[in-house]
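Q: Sharing a structure below in structure tokens format, with a few things to ask.
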Amino acid sequence: LHPLVVRFFGHEGRLGAANLQRGQGRTLLTIAILMLGIGMSIATASLGDSFRHDLSRWIEAATGGDLTVRSPVRLKYQSRQRLASIMGIERLTAERYAEVWTTGMAFEDEIMFVAIEPEIRPQISEFIFESAWAGSPAAAFARLAQGQAVFASTTLASRYHLRLSDELKLETPRGVQAF
């Protein structure tokens with residue numbers, strides 16, 4: 001590249017080419033570190049963007065809707081009617097949280113059980129399925145609506161080595177139930 005650099009840059013090019021030739025090892029090391037820095041910057045930005053995308057998708061799936069109303073005590077049925085009567089409310093779904101214990105498994109854990117309305121909840125937010133009943137979220141919600149079925153998080157499924165159609169026994173406020 002020496003003749004090309006000299007031709008385009010004249011004396012400055014000759015001086016720069018001679019300096020590069022004199023310190024090839026130092027120059028190559030500088031270029032390698034510069035390229036490594038650029039690669040790390042691109043990788044970090046890509047990882048950050050991927051994480052933000054996955055996190056926003058998960059939050060949308062987990063919360064859904066625009067407004068969440070929670071109470072430390074069970075809300076009365078009239079509360080649901082009052083909320084539904086507010087102008088701008090298109091859909092309303094109830095959720096109930098209950099602590100339950102796994103039973104008859106390798107580990108006995110207290111887990112948070114979230115009861116949802118399977119007919120309405122899919123209209124408000126999506127669930128992210130690793131694998132769904134009959135291959136579709138709609139079929140999974142239809143199976144959930146039939147009763148005696150649960151959606152298990154990937155963490156729970158991994159801990160208890162659960163697959164689709166496996167039975168999970170939970171100690172609920174109504175006694176031991178198999179799902």
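The values are calculated or read from the model by the stated rules, or taken from the named source; none is laboratory data. None of the values given here were measured: they were computed from a predicted structure. All Cβ positions, glycine included, derive from the backbone under ideal geometry; neighbour counts span all protein chains shown. These area figures cover heavy atoms from the full protein model, side chains too; ligands, DNA and RNA do not enter into them. Shrake-Rupley method; radii C 1.70, N 1.55, O 1.52, S 1.80 Å.
Q: Does Leu83 fit the bill of being modelled with pLDDT under 90 and not in a loop (DSSP other than H, G, I, E, B)?
A: yes
Q: Give the residue that is farthest from Ile86 (Cα to Cα), with candidates limited to residues of the stretch 17-69 that are assigned to a helix (DSSP H, G or I), open to solvent by 50 Å² or more (accessible area, probe 1.4 Å) and among the hydroxyl-bearing types (Ser, Thr, Tyr).
A: Filtering first and then ranking leaves Thr30.
Q: Related question: Based on what the data block shows, is Ala134 surrounded by fewer than 16 Cβ atoms within 10 Å (Cβ to Cβ), among the small types (Gly, Ala, Ser) and within 30 Å of Tyr77 (Cβ to Cβ)?
A: It is false that Ala134 is surrounded by fewer than 16 Cβ atoms within 10 Å (Cβ to Cβ), among the small types (Gly, Ala, Ser) and within 30 Å of Tyr77 (Cβ to Cβ).
Q: If we keep just the residues of the stretch 98-130 that are of a type in the set (D, E, K, R) and in a loop (DSSP other than H, G, I, E, B), which is surrounded by the most Cβ atoms within 10 Å (Cβ to Cβ)?
A: Restricting to residues being of a type in the set (D, E, K, R) and in a loop (DSSP other than H, G, I, E, B), the top hit is Glu117.
Q: Can you report the number of residues in the stretch 139-153 which are surrounded by fewer than 11 Cβ atoms within 10 Å (Cβ to Cβ) and not in a loop (DSSP other than H, G, I, E, B)?
A: Count: 1.
Q: Can you name every residue in the stretch 73-97 that is more than 26 Å from the chain's Cα centre (by Cα) and either under 30 Å from Ala178 (Cβ atoms) or surrounded by 13 or more Cβ atoms within 10 Å (Cβ to Cβ) (or both)?
A: Val73, Arg74, Leu75, Tyr77, Ser79, Arg80, Leu83, listed by residue number.
Q: Is one or more of the residues making up the stretch 77-100 over 24 Å from Ile59 (Cβ atoms) and touching a helix residue (DSSP H, G or I) at 6+ places or on another chain (Cβ under 8 Å)?
A: Checked the stretch 77-100: no residue is over 24 Å from Ile59 (Cβ atoms) and touching a helix residue (DSSP H, G or I) at 6+ places or on another chain (Cβ under 8 Å).
Q: Scan the stretch 154-179 residue by residue and report those that are exposed (fewer than 14 other Cβ atoms within 10 Å of the Cβ), modelled with pLDDT under 85 and in contact with a Ser or Thr (Cβ under 8 Å, 6 or more places away or on another chain).
A: none
Q: Within the group Gly88, Gly64, Gly104, Gly48, which residue is free of Cβ contacts under 8 Å to residues at least 60 places away in the same chain and at positive phi?
A: The match here is Gly88.
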